[in-house]
1. Report whether or not SER63 is assigned to a loop (DSSP other than H, G, I, E, B), at positive phi and under 18 Å from the mean Cα position of the chain (by Cα).
2. Only one of GLU65, GLU42, GLU32 is within 15 Å of the ligand (Cβ to nearest atom) and more than 22 Å from SER137 (Cα to Cα); which?
3. LYS177 passes all but one of (1) over 15 Å from the mean Cα position of the chain (by Cα); (2) part of a strand (DSSP E or B); (3) within 24 Å of SER63 (Cα to Cα); which number fails?
4. Mind checking which residues of region 66-87 are within 16 Å of THR17 (Cβ to Cβ) and not hydroxyl-bearing (Ser, Thr, Tyr)?
5. Inside region 71-96, can you point out the residues that are in a loop (DSSP other than H, G, I, E, B), at positive phi and of a type outside the set (S, T, N, Q)?
6. Looking for whichever is over 25 Å from SER153 (Cα atoms) and either surrounded by fewer than 24 Cβ atoms within 10 Å (Cβ to Cβ) or without any contact (Cβ under 8 Å) to a residue 12 or more places away in the chain (or both) here; the options are ILE95, ILE55, ILE75. Which one fits?
Amino acid sequence: MFEFKPCAAGCGNGAITGSNLCGLHCVDRDTESRRLAMYITERKELHNLCVSHLIFKNQDFSSREYYGCNFMESIFISCSFKKSRMRMTFFDMSIFNDCDFSNCDTQFLSFGGASLQSCAFQDSELVHLNFCGAMISNCEFSHSNLYNSRFNSTQINNTQIDDCNIKKVFFINSIMKNVSLKYSNTAEAVFEYENN
Ligand SMILES: [Zn+2]
């Protein structure tokens, strides 16, 4: 499943694919980011990729398959993952600005503690996803299946979650401002724990 090769500097982070060091301890983070961006774009299927602590700008990572990949604590600006198939892939504590996850087929992704601004998640399968502790603003989730996903302690601002399946979606302790849930099955979502 999830392979883990530790950074040779002993910091506890995972070493980047093709290196013995993590993104923090590599000699040149820009060079490693470019190398890994090329590694992804040259492949249609990615397994057990580790690209944490890197920076990606204007990359087309769309129409690919991702299994067990680690994109944690990275920065993504204007990157496209659209039309991707993803399973068990981790984006925790990463920063996303103007990124596209529309028309995706995803299960078991984690965006825990991530920051997502102006990102598109519409027309997608977003099943068993974790957004706990994330900050989401100006994002679009409409016409998606969010079944059993988690938005606990999530800040959500100026975001559309219209016409979505939100059955068993948890929004416990989330702070929502100007969030639209029009035509979504809100009665089947969980907004607070029942006192019993
Ligand atoms: Zn390291």
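1. Considered against the rule, which asks whether it is assigned to a loop (DSSP other than H, G, I, E, B), at positive phi and under 18 Å from the mean Cα position of the chain (by Cα), SER63 comes out as yes.
2. Only one candidate passes the filter, namely GLU32.
3. The one condition LYS177 does not meet is (3).
4. GLY68, CYS69, ASN70, PHE71, MET72, GLU73
5. Kept after step one, since they are in a loop (DSSP other than H, G, I, E, B), are these residues of region 71-96: 71-74, 78-79, 81-84, 91-94.
Still in the running and at positive phi: 73, 78, 83, 93.
Residues satisfying the conditions are GLU73, LYS83, MET93.
6. Selected residue: ILE55, the only one of ILE95, ILE55, ILE75 that is over 25 Å from SER153 (Cα atoms) and either surrounded by fewer than 24 Cβ atoms within 10 Å (Cβ to Cβ) or without any contact (Cβ under 8 Å) to a residue 12 or more places away in the chain (or both).
Each value in this text was obtained by applying a stated rule to the coordinates, not by laboratory testing. Quick caveat, the model's predicted, so the values are computed rather than measured. Because the Cβ atoms are built from the backbone with ideal geometry, glycine has one as well, and the counts that use them run over all protein chains shown.
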